[in-house]
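Shown next, in structure tokens, is the structure this report addresses.
The values are calculated or read from the model by the stated rules, or taken from the named source; none is laboratory data. These figures come from a predicted structure and were not determined experimentally. Cβ coordinates were reconstructed from backbone atoms using ideal geometry, including for glycine residues, and neighbour counts include every protein chain displayed.
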Amino acid sequence: MKTLRVDISKCTACRQCELACSWHLTGSFNPAKSAIKAFVFDTIARYVPYTCFQCDEAWCMNSCPVSAISIDAKTKAKVVDKDRCVGCRVCTIACPFGTISFDSATGKVYKCDLCDGDPSCVANCPTGAITYGDVDTSSTSRMSQWALKLTDAYSVKEASL
Amino acid sequence: MSSSYTNRLLRVNLSDGSIKIEKINQDWQNKFIGGRGLATKYLVAETDPKIDALSKENKLIFVTGPLTGTPAPTGARYMIVTKSPLTGAVACSNSGGYFGSELKFAGYDMIIFEGAAEKPVYLSIYNDEVALKDASEVWGKGVWETEELLKSAEGDSEAKVAAIGPAGENKVLFSCIVNEKHRAAGRSGVGAVMGSKKLKAVVVRGTKGIGVNNPTQFFEDINRSKEILKDSPVTGKALPAYGTAVLVNVMNEYGGLPAYNFRKAQFENAEKVSGETLADTRLVANKACFACTIACGRVTKLPDEASEQYIVSTSSRNWKNAGEGPEYENTWAMAPLCGVDDIDALIKANWLCNDLGMDPISYGATLACAMELYDTGAIDEKTAGMNLAFGNAEALVKMAYATGYREGFGDYLAEGAYRLSKRFGHPEFFMGVKKQEFPAYDPRSVQGIGLAYATNNRGADHLRGYTIASEIMGIPEKTDPAATEGKAALTKLFQDATGVVDSSGLCVFSTFAIGLPEIVPMINSATGSNYSVDDALKIGERIWNMEHLYNLEAGISGSEDTLPKRILEGKIPEGPTKGMVNRLSEMLPEYYKLRGWDSSATPTEAKLKELDL
Amino acid sequence: MNIKVKFFADLRNRFGKESACRLPEGSTIADLFKQVELPEELTRIVLVNGKSIEGNMNYGLCDKDTVSIFPPVGGG
């Protein structure tokens, strides 16, 4: 199973992810209807792309009274079936992260569906701030960067001399 | 059929409070594309070039291009077009950030403001809900506080705000309009026009989105451009790492970095305020405008001790917060040009310019002029209110406050270097053209940019014909900065091509890697137009001539296509460019000829007919 | 000959800010690049005493020359 990962040190707040996602979801360039948003915290100079990371608890799915949200067999994403959705918005209240939203233009909710396994935001992020990788091993590369730093700290050979 | 144009403009009359939606003139859109070209056409058609720029007869136009708001790389740009109170010429001032794209998502290509309000107002736009609202709570406040308060008042943290600060309200002649707190339509005093109309801000939120005419072709075109931008060492590496501030050392090594009000062309302490030093010691992040894959924006923080320095009590700002800038132009104008080498004073003065809403290039240049007046004894400490010696970092910061609020000597600085130098009996200390101060390249060391300065329609300016790309950086091809041969043709080509880029909604920095052969197809697939590169260049030439005709009618004649005596005759005193002057007379006649103008810079009948003007 | 070499922008990460180089009489820019192990494609602006070599890698150096080297840059 793969997951979206975010490296906020690489985000420049260009919002190409919002354009790519809204195109995928609505067929127009419309950041307001994007499931991923790049938040700008200007006073602390931090830029954070944020979206649904497909939690296991799946409050959205479990709160839906008409079973409009289900788990995609291939990607394991929680996906909204627009034909079943009745726009009651209970899922938007149940999700503690705010990552499922209501679109008044369609009367349905929308969220990240992982683009059927080829996330558009990942493909269009110019800096690699958003990546899509194996959920069990994708922390390892970050860990290894810090492991490397330990090699600066001291050399075992020198210490034992 | 879909298009990335919304084809709608908002016409807001501030005198009677009326707000109308109009269809964009399709004939003009075909002839001028959008952005700078289209808005200038509206200005030309609807106003008399002889009006007073600060009167209610002037119009203030916010305009986007067809690629603004699309994922075309650097598709963020919008322009402010109006008559400049600094120069009396046509003003087109470009800004990035997120405001322009948000205006498109709300469903508008352009806003035209007419007349003037009795009391301070702001325009609120949320898709089709457009209203003028009372701005008395924010009038008098800085841009940053204004943005926070108005977003709160509108109940929308994602709204985008373009505002003036105290400088615009006080009609400082080089005040500007700022969006997202740190991005500015900087030059030519467009903020003063907004202030004269008692318009404090525009707040916009759009949820309609835009489409494109041929999505498959469009994605192919933009992806190709994105690849080129990524692979280019300039747009893919140097600009994100160092911003434009990398040029401080470049121009200094060349002997083309004007210092001490152009008395010299090198600054002995350039390294202390260089892009490298900024990146190593004060930079905390780099940032992009909307849809930009370059991300040249500088985000900086002051060390704690520095954040306490030179504060004036009217400040309600938190100096410990991160802020944006400085880039090359503002670094140059407020440090080497003034002999200042204190990077923290520079950062703070730049932030003040952003929050007060004034052009740091003109501010630094005007201060440098004042410093030369002080140095020669034409003004003393009593007149200035403080020591204005070259190099005084405290003066750099304190005078920024004084200028924005028009207090004490700041009231004179607020008039710009041209009027300041005349007031104190030394017009020869004004370093600029058509009453606008020079930007950051010494025209004695770089011949072509001197011709560009002398002939650019909005006065001394580097962006409307950036020959530096060729003369210094070798983009697209290297030319010898010290040579005058071929510079007339080079300047015309840059000016015409830039007209297209400025009308498209893209950022000129995209042209460090892509050119019209990549940009024109993006416009076509986004809108359904069918321009060739030649068509586009002709449009660029048409835009240039239209702006020029406006200036001629405004009373700015060909005799003003010149450079100050210090540039034409005052040889650089030392360094690698010692002895150089700008040899304008070797370039200007050929330039007029190539433009199809007579010796008084008037376009011939034949040229006007050819351009359909 | 004694040549002073100044490096700028990201070239500093690899080469530091300044280097003193000794080269035989009649050396060119190409010879200098070879000695400091600087691939030409990493550079775009090369100045000798503030004058651009205009892409001429055979530009001849003299004793006490200062060479300033920049990677490709852009600006405004």
Query - Filtered residues of the range A:109-161 (kept if basic (Lys, Arg) and at pLDDT 85 or above) - result: A:Lys111
Query raised in the report: Would a scan of the range B:319-336 turn up a residue that is assigned by TED's automatic domain parsing to the domain that holds B:Ala285, farther than 25 Å from B:Gly96 by Cα, crowded, with 17+ Cβ neighbours inside 10 Å and modelled with pLDDT of 90 or more?
Result: yes
Report summary line: Counting only residues that are touching a residue at least 60 places away in the same chain (Cβ under 8 Å), among the β-branched types (Val, Ile, Thr) and either facing chain B (nearest Cβ under 7 Å) or part of a loop (DSSP other than H, G, I, E, B) (or both), the range C:24-76 contains a total of 1
Query raised in the report: Among the residues of the range A:14-32, is any surrounded by 23 or more Cβ atoms within 10 Å (Cβ to Cβ) and acidic (Asp, Glu)?
Result: yes
Query raised in the report: Out of curiosity, is B:Glu477 within 18 Å of B:Asp442 (Cα to Cα) and either of a type outside the set (A, V, I, L, M, F, W, C) or modelled with pLDDT under 95 (or both)?
Result: no
Requested in this report: Residue by residue through the range B:446-471, note down the ones that are assigned to a helix (DSSP H, G or I), away from every other protein chain (no Cβ under 11 Å) and aliphatic (A, V, I, L, M).
Outcome: B:Ile449, B:Leu451, B:Ala452, B:Ala454
Query raised in the report: Which residues, taken from the range B:7-28, are within 30 Å of B:Pro521 (Cβ to Cβ) and either surrounded by fewer than 21 Cβ atoms within 10 Å (Cβ to Cβ) or acidic (Asp, Glu) (or both)?
Result: B:Asn7, B:Arg8, B:Glu22, B:Lys23, B:Ile24, B:Asn25, B:Gln26, B:Asp27, B:Trp28
Query raised in the report: Of the conditions (1) more than 23 Å from B:Gly107 (Cβ to Cβ); (2) under 16 Å from the mean Cα position of the chain (by Cα); (3) within 14 Å of chain B (Cβ to nearest Cβ); (4) free of Cβ contacts under 8 Å to residues at least 60 places away in the same chain, A:Cys11 fails just one. Which one is it?
Result: (4)
Query raised in the report: Can A:Ile36 be described as modelled with pLDDT under 95 and within 30 Å of A:Asp136 (Cα to Cα)?
Result: no
**Report entry** Counted residues, the range B:97-146 - those being under 15 Å from B:Ala76 (Cα atoms) and among the small types (Gly, Ala, Ser)
**Finding:** 4
**Report entry** Flag if B:Lys320 is touching a Ser or Thr at 6+ places or on another chain (Cβ under 6 Å) and without any contact (Cβ under 8 Å) to a residue 24 or more places away in the chain
**Finding:** yes
Requested in this report: Please state which of the following conditions B:Phe262 fails to meet, knowing it meets all the rest: (1) within 8 Å of chain C (Cβ to nearest Cβ); (2) part of a loop (DSSP other than H, G, I, E, B).
Outcome: (1)
Report summary line: Here the residues within the range C:2-15 that are away from chain B (no Cβ under 12 Å) and farther than 20 Å from C:Tyr59 by Cα are C:Arg14, C:Phe15
Report summary line: Residue pairs qualifying under the 6 Å Cβ cut-off, at least six apart or on distinct chains, with the first in the range B:16-29 being closer than 14 Å to B:Ala45 by Cα and the second being in a loop (DSSP other than H, G, I, E, B), are B:Ile24/B:Asn7; B:Ile24/B:Asp109
Requested in this report: Output the residue which, of all residues in the range B:292-314 that are farther than 15 Å from B:Lys181 by Cβ and hydroxyl-bearing (Ser, Thr, Tyr), is modelled with the highest pLDDT.
Outcome: B:Thr293
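Table: residues versus (1) of a type in the set (D, E, K, R); (2) more than 14 Å from every other protein chain (Cβ to nearest Cβ).
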| residue | (1), (2) |
| --- | --- |
| A:Cys121 | no, no |
| A:Asp136 | yes, yes |
| A:Ser139 | no, yes |
| A:Lys149 | yes, yes |
Report task. Considering (1) among the charged types (D, E, K, R); (2) assigned to a loop (DSSP other than H, G, I, E, B); (3) under 24 Å from B:Lys20 (Cα atoms), say which one B:Lys104 fails and leave the rest. Result -> (2)
Requested in this report: Considering only the range B:569-600, state which residues are surrounded by 12 or more Cβ atoms within 10 Å (Cβ to Cβ) and among the hydroxyl-bearing types (Ser, Thr, Tyr).
Outcome: B:Thr577, B:Tyr591, B:Tyr592
Report summary line: Residue pairs within 6 Å by beta carbon, gap of at least six or interchain, first lying in the range B:291-305 and closer than 15 Å to B:Ile228 by Cβ, second β-branched (Val, Ile, Thr), listed first then second, are B:Cys292/B:Thr74; B:Ile294/B:Thr235
Report task. Say whether the condition of being assigned to a loop (DSSP other than H, G, I, E, B), farther than 30 Å from B:Asn261 by Cα and not assigned by TED's automatic domain parsing to the domain that holds B:Val250 is met by at least one residue in the range B:544-561. Result -> no
Query raised in the report: Can you name the residue in the range A:71-87 that is out of contact with any Gly (no Cβ under 8 Å at 6 or more places or on another chain) and more than 20 Å from A:Thr26 (Cα to Cα) and, of all such residues, is surrounded by the fewest Cβ atoms within 10 Å (Cβ to Cβ)?
Result: A:Ala73
Query raised in the report: From the residues in the range B:251-281 that are out of contact with any Asp or Glu (no Cβ under 8 Å at 6 or more places or on another chain) and closer than 24 Å to A:Thr12 by Cβ, which one is surrounded by the most Cβ atoms within 10 Å (Cβ to Cβ)?
Result: B:Gly275
**Report entry** Matching entry among B:Lys487, B:Lys478, B:Lys538 (being buried (at least 24 other Cβ atoms within 10 Å of the Cβ) and not β-branched (Val, Ile, Thr))
**Finding:** B:Lys487
Query raised in the report: What number of residues within the range B:337-385 are among the polar types (S, T, N, Q) and not in a helix (DSSP H, G or I)?
Result: 1
Query - Condition check for B:Thr87: of a type in the set (S, T, N, Q), in a loop (DSSP other than H, G, I, E, B) and within 14 Å of chain A (Cβ to nearest Cβ) - result: no
Query - Residue count, the range B:22-80 (criterion: among the polar types (S, T, N, Q) and assigned to a loop (DSSP other than H, G, I, E, B)) - result: 7
**Report entry** Residues of the range B:421-450 satisfying the condition of being surrounded by 24 or more Cβ atoms within 10 Å (Cβ to Cβ), farther than 15 Å from B:Arg566 by Cα and not charged (D, E, K, R)
**Finding:** B:Gln436, B:Pro439, B:Ala440, B:Gly448, B:Ile449
Query raised in the report: Pick from the range A:14-30 the residues that are within 9 Å of chain B (Cβ to nearest Cβ) and in contact with a Cys (Cβ under 8 Å, 6 or more places away or on another chain): which of them is nearest to A:Leu114 (Cα to Cα)?
Result: A:Ala20
Report summary line: Per the list (1) in contact (Cβ under 8 Å) with a residue 24 or more places away in the chain; (2) of a type in the set (A, V, I, L, M, F, W, C); (3) touching an Asp or Glu at 6+ places or on another chain (Cβ under 9 Å), residue check on B:Val520 breaks on (1)
